[in-house]
Amino acid sequence: MHGPPPEQLLKAKDYKSDVKPIWCAGCGHFAVLSAITKALAHLSLPPEQVALVSGIGCSSRLPAYTHVYGFHGIHGRALPIATGLKVARPDLTVLVTGGDGDGFSIGGNHFMHACRRNLDLTYIVMDNEVYGMTKGQASPTTDPGWEQSRLTPHGTGLPSFNPAAIALAAGAGFIARGFSGDPTSLTDLLIQGIQYPGFSFIHVLSPCVTYHPEQKAWKKTVHEQSQSTTADPVVAAQRIQQSDRMATGLIFKAISQVQQQQHPSKNISLEQISRQFVTHT
Amino acid sequence: MDRKTDMTEAATLSIAIVGSGGSGAVTTGKILLEGIARHGLYALMSRSSGPQIRGGESAVMLRIGQSSVDALDDDFDILLALDWLNVERFSDEIPVTEESLILHDPDKGDLPAVYAQMTHRHVARPLEQLAKSIENGRANMVGLGLLANLIGLPLAVVNAAAHDILKHKGEVVLQATLSCIETGYAQTPDETLVLPLSAPEAITERWNISGNEASGFGALQGGVRFVAAYPITPASEILEWLAPNLEQTGGSLLQAEDELASINMIIGASFGGVPSLTATSGPGLSLMMEGLGLAVASETPVVVANVMRGGPSTGIPTKSEQSDLNLALYGFHGDAPHIVLSALSIRDCAFTTQWAVKLTETLQAVAIVLTDQSLGQARAVIAPPRQPALEGKRKLAGDTDHYQRYALSDDAVSPMAIPGNAHCIYTADGLEHNEQGTPSAMATDHQQQLDKRRQKLTQFEYGDDWAEVTGDGEICLITWGSATGATREAAQRLSQAGLPTKTLAVRLLAPFSTERFKQVTAHAKQILVVEQNHGGQFFEYLNAQRVLPGHAHSLAQPGPLPLRPNVIYNRVMQGL
Ligand SMILES: Cc1ncc(C[n+]2csc(CCOP(=O)(O)OP(=O)(O)O)c2C)c(N)n1
Ligand code: SF4
């Protein structure tokens with residue numbers, strides 16, 4: 001159980017596995033995979049000290065494509081798996097990946113509570129406003145008028161979910177938006193998110209070229225946020241609500257950081273513990 | 001009366017204490033139980049409360065014996081009524097006979113008809129009046145003194161027990177309590193009403209513990225150091241006990257947002273190398289099923305302690321039933337071999353939970369431990385719990401070069417790499433996979449991994465702990481879980497009545513020990529399968545295993561009333 005010697009710098013490719021992704025050519029998720037491996041290499045984290053946890057979806061396939069410990073779980077439950085792992089093994093760097101369906105629909109409750117719990121996890125959601133894996137149904141972030149799914153031929157008619165607003169309201173200390181079409185900035189956000197000592201939420205616009213081909217135009221509509229990062233949640237809330245949801249950058253970074261929940265390692269014997277039950281005869 | 005005055009093996013004494021909210025019936029019972037333990041006897045104490053969340057009337061039911069007590073009796077020898085408010089809610093649960101003795105306070109009203117008609121043996125004492133003569137005095141403690149004298153429990157023992165139970169309340173309360181007990185004790189009742197207890201010859205170490213505490217302790221002893229759970233009746237006490245005690249051992253407990261989270265949290269922690277457990281009851285177990293399937297497929301060891309209550313749906317949350325067996329056995333989608341265990345008594349909650357942790361660690365498997373409200377929320381005076389012999393350590397990966405997480409092998413258990421091991425980095429997966437762990441939809445991979453996951457459980461040598469067999473005879477009572485206590489007692493009574501009867505209580509429900517089961521039941525001429533549910537779930541399971549002869553019968557009685565020995569006894573006596 002030993003990592004590489006400190007002088008041996010790791011490259012992004014050292015964090016890639018030789019499993020070939022099942023993703024469609026042109027899928028935004030490729031660039032996210034690449035940005036994650038670059039961020040890990042930049043931080044020179046020993047691969048055996050990193051764990052990548054995911055749910056189910058195209059995006060959730062990511063852990064198997066990396067050379068770090070991975071857990072490809074079930075739909076919507078990546079955050080609880082990562083939470084248990086991080087509490088049990090605070091020494092590990094734990095990243096969580098998934099899609100908008102995985103994180104905001106079936107796993108929506110866990111998203112809120114993970115923000116609130118504020119453990120040192122980095123949550124990367126690849127948002128393509130669609131369920132890719134199940135062949136193109138509407139997700140919580142889908143535009144209300146999107147009529148391309150046979151399941152909702154008249155569109156959902158529902159206002160789309162604003163992940164950054166929810167994360168802020170639920171108490172996340174680090175909220176950023178990135179774009180798979182701008183991997184350099186995305187890598188930078190990932191590095192900052194991993195370094196942030198609390199729950200960091202990185203919302204990544206990651207096009208599904210198969211079920212949302214019009215997202216190829218995101219190249220043109222995505223833009224950098226005009227203001228710098230704020231630590232004031234009221235200002236952040238206003239900006240999140242006013243923005244067109246295409247603005248990238250580190251939106252909010254709280255100053256007060258919650259410490260990792262950790263108990264001083266006591267070592268009381270079980271024999272001692274059992275004495276509470278013994279009666280005096 | 002003979003069977004009570006002369007305390008032989010079978011002789012026990014049953015006492016019920018009832019009172020409205022705030023009357024202190026439960027505290028009275030707790031002190032009495034501790035006194036019984038200090039006196040060197042065994043006892044079982046269960047509680048019943050009204051529908052109110054807090055306060056409201058409650059009843060405490062104690063049964064005292066010279067050897068371990070694992071079931072309530074058919075009826076009660078003594079009923080101490082602090083008052084009669086809403087007593088009709090409990091009258092079903094507290095049956096009396098013409099020999100039963102009723103202690104009550106005449107100032108709290110007349111004896112209710114149900115009791116007045118049944119027995120003429122009453123002791124009326126102005127408990128509240130007597131308590132008022134003492135500063136901060138309470139009627140329940142006067143009643144306790146009266147009761148203790150009646151059953152011959154020495155005053156010094158009751159006082160020491162009261163001290164133990166009430167020490168956190170401070171000196172003033174304690175002194176008032178002791179005065180009240182003494183006053184009650186001085187109310188010597190009529191000689192003919194006395195029901196003396198006697199002490200056993202050799203007093204060995206005794207524990208005073210609830211089933212839920214025992215489950216928590218068993219988990220710790222098995223090596224559990226991470227727990228995540230969502231509160232639910234009647235399982236919460238496992239968590240409340242574990243939270244501070246886990247901390248003492250360097251572990252941690254997380255209150256999850258729901259059971260979907262809790263099961264997945266323990267999977268994550270166990271993947272990290274830390275033995276993990278969650279506790280829940282039926283509704284929570286239903287929610288956990290998808291997660292449990294993930295643990296099976298990814299071969300991540302986890303234990304679920306499921307404390308059953310009346311179902312389906314929200315059912316009867318505060319009352320016992322053994323009706324989650326089908327869910328525990330068959331709730332998973334896909335072919336998902338796993339372990340299902342049942343604790344046979346309060347004491348056995350510790351052993352079985354500990355065994356579950358060791359089995360899951362050894363086999364990288366899932367175990368569901370079934371206990372229920374009647375075990376979990378009851379307290380007993382017991383001998384210290386037994387411990388399983390199994391070492392129960394995970395088989396870990398070392399520094400293999402071409403590591404394969406799900407490699408096939410003779411014992412079908414493949415070495416598991418824990419994050420931190422630089423040589424064996426892998427991704428755990430709930431998707432079907434090949435030996436390497438890479439997702440695969442190939443028929444051969446699916447077949448091999450299905451075989452592997454089944455074989456590791458069926459090939460394992462579980463030893464003698466799979467069940468407990470007591471007594472001998474051509475009548476065989478077969479049971480599981482909490483029904484064991486009443487069933488064994490019925491078997492004893494049948495044997496004493498000249499019908500030698502054997503009891504087979506199954507602890508390891510799945511994988512099923514077919515050969516051993518057949519051996520134990522081979523010469524049975526009459527078989528009755530006893531359980532506390534409506535559908536005869538265990539009976540049907542045994543039939544599916546093809547281990548019951550055609551003449552076997554089922555006795556399935558749902559909750560909320562406890563399964564009493566005479567119901568089983570009478571069923572056999574009536575020729576099944
Ligand atoms: C409990 C459960 N329900 C439904 C599914 C089917 N399912 C698989 S992936 C998925 C949605 C994936 O969408 P998203 O999370 O947005 O990821 P993407 O594929 O777009 O990357 C669904 C509904 C499932 N696997 N499990
Ligand atoms: S379906 Fe969409 S999300 Fe899935 S791999 Fe193809 S492009 Fe990517």
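Any read-out appearing in this document is the output of simple, stated calculations on the displayed coordinates, not a laboratory observation. All of these numbers come straight from a predicted model, not from anything done at the bench. Cβ sites come from the backbone with ideal geometry, for glycine too, and all protein chains shown count toward neighbours.
Descriptive notes on the structure:
- Here's the list of lysines a cross-link from B:Lys525 could span, going by alpha-carbon distance under 30 Å and ignoring same-chain residues fewer than 8 apart: B:Lys502.
- Radius of gyration (Cα atoms) of the protein assembly as shown, expressed as a multiple of 2.2 N^0.38 Å: 1.08.
- By the rule of a C-alpha distance below 17 Å, with chain neighbours fewer than 8 residues away ignored, the aspartates and glutamates paired with A:Lys266 are B:Glu247.
- Residues of type lysines that B:Lys319 reaches as a straight line, Cα spacing below 22 Å, ignoring anything fewer than 8 places off in the same chain: B:Lys30
- DSSP beta bridges fully contained in the protein assembly as shown are about 30 percent antiparallel.
- Think of each Lys and Arg Cβ as +1 and each Asp and Glu Cβ as -1; about the Cα centre, that makes the dipole of chain B roughly 220 debye.
- Subset of B:Lys108/B:Lys132; A:Lys220/A:Lys253; A:Lys16/B:Lys395; A:Lys135/A:Lys216; A:Lys20/B:Lys452; B:Lys358/B:Lys456 violating a 20 Å alpha-carbon distance limit: A:Lys220/A:Lys253; A:Lys16/B:Lys395; A:Lys20/B:Lys452
- Computing FRET efficiency as 1/(1 + (r/R0)^6) for A:Ile255 and B:Gln496, where r is the C-beta to C-beta distance and R0 is 56 Å, gives about 0.15.
- Unit charges at the beta carbon, dipole of chain A: most positive-side option, A:Ala254, A:His75, A:Gln238: A:His75
- Proxy reagent accessibility, fewest Cβ within 10 Å first, across A:Leu190, A:Leu119, B:Leu396: B:Leu396, A:Leu119, A:Leu190
- Think of region B:395-460 as a dipole: +1 on every Lys or Arg Cβ, -1 on every Asp or Glu Cβ, centred on the Cα centre; then among B:Pro439, B:Gln455, B:Tyr403, B:Gln455 lies furthest on the positive end.
- Charge sum, other residues only, whose C-beta stays under 11 Å from A:Thr37's C-beta, Lys/Arg counted +1 and Asp/Glu -1: +3
- Estimated from helical segments only, the mean residue ellipticity of chain B at 222 nm is -10500 deg cm²/dmol, where each DSSP H run of four or more residues counts as -39500 (n - 2.57).
- Rel. contact order, % - alpha carbon contacts under 8 angstrom, at least six apart, chain B: 12
- The residues neighbouring B:Leu178, those whose beta-carbon lies less than 15 Å from its own, together hold a net charge of -2 under the Lys/Arg +1, Asp/Glu -1 convention.
- Amide H to amide H, with H built 1.01 Å from N, B:Ile368 comes under 5 Å of B:Val304, B:Ile339, B:Val340, B:Leu341, counting only residues 5 or more places away or on other chains.
- Relative contact order of region B:2-185, pairs being alpha-carbon contacts under 8 Å that are 6 or more residues apart, as %: 21
- Amide N proximity, region A:203-235 versus A:Gln241 label position 7 Å along Cα-to-Cβ, cut-off under 17 Å: A:232-235
- Inter-centroid distance (Cα atoms) of region A:7-39 relative to region A:171-198, Å: 16
- Estimated FRET transfer efficiency (B:Ala11, B:Asp451; beta-carbon r; R0 51 Å; 0.05): 0.40
- Contour minus Cα-Cα distance for B:Ile203 and B:Asp472 (0.36 nm per residue): 94.0 nm
- The equivalent ellipsoid of region B:466-573 has semi-axes of 19, 17, 12 Å, largest first, where each one is the square root of 5 times an eigenvalue of the Cα gyration tensor.
- Shown is the FRET efficiency for A:Ser44 and A:Ser228, computed with R0 = 25 Å from the Cβ-Cβ distance and rounded to the nearest 0.05: 0.35.
- Cα centroid separation - region A:237-254 against region A:100-159, whole Å: 18
- Summing charges over neighbours of B:Ala160, with a neighbour being any other residue whose Cβ is under 9 Å away from its Cβ, gives -1 when K and R count +1 and D and E count -1.
- 20 Å reach of a label modelled at B:Arg386, 7 Å along Cα-to-Cβ, counting backbone N of region B:207-244: B:207-223
- Normalised contact order of region B:120-167, rounded percent, pairs of Cα under 8 Å and 6 or more residues apart: 21
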